[in-house]
1. Let me know the charge dipole size of the chain about its Cα centre in debye, to the nearest 20, where only the beta-carbon of Lys, Arg (+1) and Asp, Glu (-1) is charged.
2. Give, in nm to one decimal, the length gained when the segment between Trp161 and Asp114 is fully stretched (0.36 nm per residue of separation minus the Cα-Cα distance).
3. Can you give me the distance in nm between label points at Asn64 and Phe18, each placed 7 Å from the Cα along the Cα-to-Cβ direction?
4. Kindly rank 217-226, 36-45 from highest to lowest mean number of other beta carbons found within 10 Å of each residue.
5. Per-residue ellipticity at 222 nm for the chain, helices alone: DSSP H runs ≥ 4 residues times -39500 (n - 2.57), over residue total, nearest 500 deg cm²/dmol?
6. Once you charge only the Cβ atoms, +1 for Lys and Arg and -1 for Asp and Glu, what is the size of the charge dipole of region 51-128 about its Cα centre, to the nearest 20 debye?
7. So how do His265, His173, His246 line up by other beta-carbon neighbours within 10 Å, fewest first?
8. Give me the number: length gained by fully extending Ser240 to Val276, i.e. 0.36 nm times residue separation minus the C-alpha to C-alpha distance, one decimal in nm.
Amino acid sequence: MWHLRIVPDNTNFSFIRFRRFSFPISAALSILSLVCFFSLGLNYGIDFKGGTLMEVRAPSGQANMSTLRQTLEGLGLGEVQLQEIGTAGEVMIRVAQQPGGDAAQQAVAQKVRDSLGTGYTYERVEVIGPRVSQELVTLGTVGIFVAIAAILVYLWFRFDWQFAVGAMIANIHDIVLTIGFMSITQIDFDLTSVAALLTILGYSLNDTVVIYDRIRELLRKYKKMPMTDLLDLAINATLSRSIITHVTVTLALIALLLFGGRAIHSFTATMMFGVVLVGTYTSIFIASPMLIYLGLRPGSNPLESDAKVPAKVEA
């Protein structure tokens, strides 16, 4: 039976030797990301800045999103987000907060009504104030750190402590670089961006755990193999799986980026950076060699018998 092979069997590329380059590069990029974050900040979206939220129903039962967006953007109210919800014809409209307090927000709602005409039914109209927005920022930040802590605890029990610390460092690396990307590009940071960050954590962790599981297996099997060769052997053994997963996710994200529309643009762009450019790189060039500096060595399980050591991995 014929199978598609993206990576040849028994690859023996030396990945670990590049740690002398990947660690300094990642450290420099992390510092740059933090500098950009504290100097440029993030471009908070409506979810975090506040604004006016309206849920409307189209008169014909089918909303023309393109026409609706063009009409609302012509009002000069700043950022406007549209999202189809519920049954056909129901649309959620979010308009950025306007200067001038509650009176200005009420004026926004009236402008939207005037521009859409009397045909639309208004199911919900409310103003999201700064206090609610600050609570969303806090809860989003807490959610990310709770996820990282839960990952650390899980891996601590599932593997040795070195694996848990290595995965945590890799996850923090991914988050810092992604935040730096969002700060430099100034794309909207909203609740969908928080979802993207959590998804990046999950993707990177999944890739890392697959490699870590193979490393743990080889640690028990080859007790006399040099650690660098053992890590290379584990990465090469999982390379085909990593590349296939990476390509599949990339194709899906490209489709979302090109055809998903503006409503999910910040989510998709963040995912493209975090998954395509950071996630897989981190698993191979950060999380795996980090085990060397954390003191992990072969022969952790003395009850296992040694096996024949394969040939040294070379580039």
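Computed from the coordinates by the stated procedures, all read-outs in this text should not be read as laboratory data. Treat the numbers as computed from the prediction; the structure is a model and nothing was measured. So basically every Cβ, Gly included, is an ideal-geometry build from the backbone, and we count neighbours across all protein chains shown.
1. On the way: 24 positive and 24 negative charges, 212 e Å.
Roughly 1020 debye for the chain.
2. Numbers: separation 47, 0.36 × 47 = 16.92 nm, distance 6.16 nm.
Extra length from Trp161 to Asp114 when fully extended: 10.8 nm.
3. Modelled inter-label distance: 5.1 nm.
4. Most protected by this proxy first, the peptides run 217-226, 36-45.
5. On the way: 11 runs with 181 residues, N = 315.
About -19000 deg cm²/dmol.
6. On the way: 6 positive and 9 negative charges, 24 e Å.
Here region 51-128 has a charge dipole of around 120 debye.
7. Working: His265 15, His173 22, His246 19.
Result, fewest neighbours first: His265, His246, His173.
8. Working: separation 36, 0.36 × 36 = 12.96 nm, distance 1.59 nm.
Answer, rounded to one decimal: 11.4 nm.
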